[in-house]
Amino acid sequence: MGELAWNAPLRLLGGLHTLVLTGRASWDDVDAALAHPELPQLARRPVQTNEVRRSWTLLPCFLELARRTGAETFDLLELGASAGFNLLWDRYGYRYEAGTWGRPDALLELDGAEREPVPAGLLAFAPRVRRRVGVDLDPVDVTTEEGALRLRSFVWPGQTGRMERLDQAIEAVRREPPELVRGDLVELLPRLLAERQPDALTVVFQTAVVGYLPEAGWAQAQAALAEAGRDAGRGGPLALVWTDRPAPDVHTHWGLWLRLWPGGEPELLALADFHGAWLEWRG
């Protein structure tokens with residue numbers, strides 16, 4: 001018997017949760033659930049999550065971009081978009097220590113713990129999002145019940161707040177679906193970057209996909225971004241917001257990084273919890 005993949009337990013639990021959510025099994029009888037004939041097929045599905053609370057940590061980074069560049073219009077490109085929840089970040093409401101941001105009629109309001117507060121001045125910026133494109137190897141269409149069930153199955157029992165946010169984000173996507181492209185982001189990125197327009201700031205961002213890419217793949221994606229950034233005069237300004245370790249020996253949280261083209265260097269803007277529960281602003 002070969003060695004199990006690292007995500008095999010997650011896939012198994014996701015399959016079991018699917019059976020429970022659809023009334024075909026119960027947590028009160030796990031032995032029967034494990035013997036269910038549909039479980040092997042369900043447990044083969046790749047793990048797919050979409051943490052909308054990460055938008056609470058991303059928003060200050062996007063507002064910092066507006067402050068630094070003066071850009072009033074953003075075109076978004078998310079790498080590893082899943083269902084596209086974080087592509088709709090400007091459609092949500094937010095609470096920070098310094099105040100609120102977003103639409104008063106937002107379906108979803110996000111907050112968290114601020115270890116270092118977001119500056120009040122950032123909350124005055126309100127860039128307009130013109131285009132929303134996400135690329136993913138296996139995008140999830142939550143306008144279908146099957147797609148919504150798949151994401152719900154990877155939220156564990158007892159995580160009530162997380163499930164409520166997920167359901168609200170699903171409804172937001174159903175009202176305004178972003179454009180999701182199926183494919184390898186490393187292969188597609190040069191073409192997608194070539195489509196950018198000079199009258200908006202193209203904001204490329206990712207929150208989790210780097211950990212799933214081979215090191216060479218992420219290096220190739222960064223090279224494509226750098227090449228596009230050198231051609232910013234024709235295609236317009238370009239920014240990258242991404243999560244990665246804040247230091248090589250840190251494994252407990254993310255750093256939120258920013259790079260602007262032309263001419264910018266990578267800069268650490270904040271530290272953040274993996275799922276968006278807390279933020280330490282450093283920008």
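By the Stokes-Einstein formula, at 0.890 mPa s and 25 °C, the chain with its Kirkwood radius over alpha-carbon pairs has D equal to 124 µm²/s.
The C-alpha atoms of the chain define a longest principal axis, and helix 185-194 lies at about 30 degrees to it. Taking the longest Cα principal axis of the chain as reference, the axis of helix 54-69 is set at about 10 degrees.
State the Cα centre-to-centre distance between the range 63-132 and the range 206-227 in whole Å. Rounded to whole Å, the Cα centres lie 23 Å apart.
When the P(r) of the range 106-198 is calculated, the portion above 19 Å amounts to 61% of the C-alpha pairs.
Normalising the average separation of contacting C-alpha pairs (under 8 angstrom, six or more residues apart) by the number of residues puts the relative contact order of the chain at 20 percent. Annotation for THR252 and GLU97: the two label points, set 7 Å from Cα along the Cα-Cβ direction, are 2.0 nm apart. Counting beta carbons within 10 Å around each of VAL129, VAL203 and listing the fewest first gives the order VAL129, VAL203. Counting other Cβ atoms within 10 Å as a rough exposure proxy, the listed residues ARG67, ARG11, ARG132 run ARG67, ARG11, ARG132 from fewest neighbours to most. For the chain, the mean residue ellipticity at 222 nm estimated from helices alone is -10000 deg cm²/dmol, where every DSSP H run of n ≥ 4 contributes -39500 (n - 2.57) and the total is divided by all residues, rounded to the nearest 500. P(r) tail for the range 147-283, what percent of Cα pairs lie past 19 Å? Beyond 19 Å sits 62 percent of the P(r) for the range 147-283.
Spacing of the modelled spin labels on VAL181 and GLN197, each 7 Å from Cα toward Cβ, amounts to 1.6 nm. Taking GluC sites (Glu not before Pro) in DSSP loop conformation with at most 16 other Cβ atoms inside 10 Å as exposed sites, the chain has its longest uninterrupted site-free stretch at 98-194. Sorted fewest first by neighbouring Cβ atoms within 10 angstrom, LEU21, LEU65, LEU180 come out as LEU21, LEU180, LEU65.
Net charge dipole, the chain: roughly 480 debye, given to the nearest 20, about the Cα centre with Cβ charges of +1 for Lys and Arg and -1 for Asp and Glu.
Computed from the coordinates by the stated procedures, all read-outs in this text should not be read as laboratory data. From a predicted model like this one, the values you see are computed outputs, not experimental measurements. Cβ: placed from backbone, ideal geometry, glycine included. Neighbour counts: every protein chain shown.
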